[in-house]
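Working notes, structure below.
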Amino acid sequence: MEDDLKLSSVLRDALERKAYRVTVAYTGSEGLALGIDFEFEFILLDAMLPEMDGFSVARSLRQSGISTQILMLTSRDSTSDIVRGLDSGVDDYLTKPFSFEELFARLRALARRRMVPHTMQYEVGDLCMDPVTHTATRAGRALSLTRTEHLLLEFMMRSPNVVLRRDAIINAVWGYETTVENNTLDAFMKQLRFKVDNEHKQKLIRTVRGFGFKLSAGDQ
């Protein structure tokens, strides 16, 4: 979340060159809504934003139960401002101006803090996924998935038995600001369904007409 258009553009370009998928919000209220509605790996949060400042955004996100790691960007480096930021719920603090090397190092450090234990797996019936090694199996047999198919399946496995709206799936996999047609989602879902369900009597990926899709090992 950054209201400086030039800085936000430079930051976005730098992050995308490192293969991050980036969504930009220019006001505090817009950023808060995105942070609540969509799942992000990190939130880069400017301290001074229109409508709501970064401290208020961070505090509201934490009060809403959002645990996404937040890195606050600010030109203020006084002890009181740093303490205020940390007390509002941010995980780290980076003062402007900063180098991209330091930014990426701090993101790597945040990633290590939130690393999922290797023993944790998503399981739906006989479908298993390891979110650390990015591997998936069905009935013990490895599935060969593309990056997009993996992202689709992981998003669905995080919320088994829940009907996931098409727009929520698209935003989670391709990003909030990317234009993806419904037929593109259908094409990828068809490929994923073939790899996950084709050789099995029990079908796990279900189409919920008029709404979206769900992943379930239970009854239809």
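The values are calculated or read from the model by the stated rules, or taken from the named source; none is laboratory data. Everything quoted here is computed from the prediction, not taken from an experiment. Every residue, glycine among them, receives a Cβ derived from its backbone with ideal geometry; neighbour counts consider all protein chains shown. Heavy atoms of the whole protein, side chains included, go into the accessibility calculation; ligands, DNA and RNA do not. Shrake-Rupley method; radii C 1.70, N 1.55, O 1.52, S 1.80 Å.
Just checking, how many residues over the range 10-59 are outside any loop (DSSP other than H, G, I, E, B), open to solvent by 60 Å² or more (accessible area, probe 1.4 Å) and either in contact (Cβ under 8 Å) with a residue 12 or more places away in the chain or not aliphatic (A, V, I, L, M) (or both)?
Going through the range 10-59 one residue at a time, the tally reaches 8.
Would you please list the contacts, defined by Cβ atoms under 7 Å and residues six or more apart or on different chains, that run from a residue in the range 181-201 that is open to solvent by less than 70 Å² (accessible area, probe 1.4 Å) to a residue that is acidic (Asp, Glu)?
188/149; 192/149
Give the range 164-220 a look and list any residue that's within 23 Å of the chain's Cα centre (by Cα), more than 21 Å from residue 34 (Cα to Cα) and small (Gly, Ala, Ser), or say none.
187, 216
Quick check, is residue 107 under 22 Å from residue 5 (Cα atoms), part of a helix (DSSP H, G or I) and in contact (Cβ under 8 Å) with a residue 24 or more places away in the chain?
yes
Against the definition (assigned to a loop (DSSP other than H, G, I, E, B), among the aliphatic types (A, V, I, L, M), over 18 Å from the mean Cα position of the chain (by Cα) and surrounded by 12 or more Cβ atoms within 10 Å (Cβ to Cβ)), how does residue 73 come out, yes or no?
It is false that residue 73 is assigned to a loop (DSSP other than H, G, I, E, B), among the aliphatic types (A, V, I, L, M), over 18 Å from the mean Cα position of the chain (by Cα) and surrounded by 12 or more Cβ atoms within 10 Å (Cβ to Cβ).
As an exercise: evaluate residue 155 against (1) at pLDDT below 90; (2) closer than 29 Å to residue 12 by Cβ; (3) not in a helix (DSSP H, G or I) and give the number of the one condition it does not meet.
The single condition residue 155 does not satisfy is (3).
Give me a count of the residues in the range 158-186 that are of a type in the set (Asp, Glu), within 19 Å of residue 31 (Cα to Cα) and in a helix (DSSP H, G or I).
The number of residues fulfilling the criteria is 1.
So residue 36 passes all but one of these: (1) at pLDDT below 85; (2) among the hydrophobic types (A, V, I, L, M, F, W, C); (3) under 15 Å from residue 69 (Cα atoms). Which condition number does it fail?
Failed condition: (1).
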